[in-house]
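I have placed the structure first, in the form of structure tokens, so that the comments after it can refer back to it.
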Amino acid sequence: MKNLLGTLLTSFLIFSLSYGQNIQENFTITLSSNDFDSDTEVIIKNINGDVKVTGYDGDEIVISGTKELRKRRGNITDDEAAEYELKTHLYEGKLYIYIDSPNAQVEFSNGKLNYKWHWENNDRNRINEHFDLDIRVPSKLALQASTVNSGDVIVEKMGNGVQANNVNGSVTVKDVLGYTSANTVNGDIEVWYLESPTEDTDFHTVNGKIEIYSPEDLSAIVTFESLHGELYTDFEQVKRLPNRLNKEQDGDRNRYKINSNSPIQIGDGAIEISFKMVNGSAYIRTRKS
């Protein structure tokens, strides 16, 4: 286990209002290559706000961000403001970048971060936090990036696999290599492949559309589930496959279920692309540039 302080630079801007107070703080944290290994997986967990991650050829992780605290009644003391911060922690081969506050329950155990968030909805004097993060990460590292509310997740130019998750906002993944997974609940998903994927991928949303852009040599079997939506593609070499028979365990017996949506094959069908959605359509398009 290792706590990482990095190099921290901050600046402050305070708004005092008659009914409360807003505080804004700009900060930069730099983690040197001595703070993590070449095979470290970077895991970013935001709660309220944007997450933008850009891969590059350097060795450092540079975190630029804005912290905003809002209180409906009364002023925010220095001690209260200090309780809301971005932290970094290296634990069993994973570098966690996460928001810590009185609303967060943080526990590192069993090889992972157990991270829970709670709000006191009846507390009219509570402090609401909002972090916008813009992070440069060595492109050779694997990445997980997520937020929950009031922001989007954007990941660009990562070369060793990406998992991008949101709840109330969109997910955009561009010019990436390796395994890709993107999920949200209320928002759109857009993925631009620099090269056609060579590993299975999956994309989920409840309310939104999914758009995938791949070079012309895409080779995939595509499965699609949606209650209120359709699957579209402009690829020419496409054929429909038979419905799948799924095997499920039911006590001591096996139960078989025929999937109502038959998959399609693009090209030679080398990998599998899975779409699961409720209200929205999916688009697989040829990337022109």
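Things worth noting here:
- Checking each residue in region 55-66 for being part of a strand (DSSP E or B) and farther than 22 Å from residue 117 by Cα picks out 55, 56, 61, 62, 63, 64.
- For region 34-54, the set of residues classified as touching a Lys or Arg at 6+ places or on another chain (Cβ under 6 Å) and either aliphatic (A, V, I, L, M) or over 20 Å from residue 114 (Cβ atoms) (or both) consists of 43, 54, listed by residue number.
- Total residues in region 107-143, condition surrounded by 14 or more Cβ atoms within 10 Å (Cβ to Cβ), outside any strand (DSSP E or B) and more than 17 Å from the chain's Cα centre (by Cα): 2
- Hey, residue 172 in contact with a His (Cβ under 8 Å, 6 or more places away or on another chain), among the β-branched types (Val, Ile, Thr) and modelled with pLDDT of 95 or more or not: no
- Cβ pairs under 6 Å, 6+ apart, first in region 211-223 and without any contact (Cβ under 8 Å) to a residue 24 or more places away in the chain, second surrounded by 23 or more Cβ atoms within 10 Å (Cβ to Cβ) and of a type in the set (Ser, Thr, Tyr): none
- Count - residues of region 67-99 that are over 18 Å from the mean Cα position of the chain (by Cα) and either free of Cβ contacts under 8 Å to residues at least 12 places away in the same chain or not in a loop (DSSP other than H, G, I, E, B) (or both): 15
- When the criteria are applied in full, residue 104 fails the requirement of being crowded, with 16+ Cβ neighbours inside 10 Å and modelled with pLDDT of 90 or more.
- The residues on offer are 98, 115, and the sole one that is at pLDDT 95 or above, touching a Phe, Trp or Tyr at 6+ places or on another chain (Cβ under 7 Å) and aromatic (Phe, Trp, Tyr) is 98.
- Matching entry among 148, 167, 191, 185 (being of a type outside the set (D, E, K, R) and buried (at least 19 other Cβ atoms within 10 Å of the Cβ)): 191
The values are calculated or read from the model by the stated rules, or taken from the named source; none is laboratory data. Predicted, not measured: the structure shown is a model, and the values here were computed from it. Neighbour counts are summed over all protein chains in view; Cβ atoms, including those assigned to glycine, are modelled from backbone coordinates with ideal geometry.
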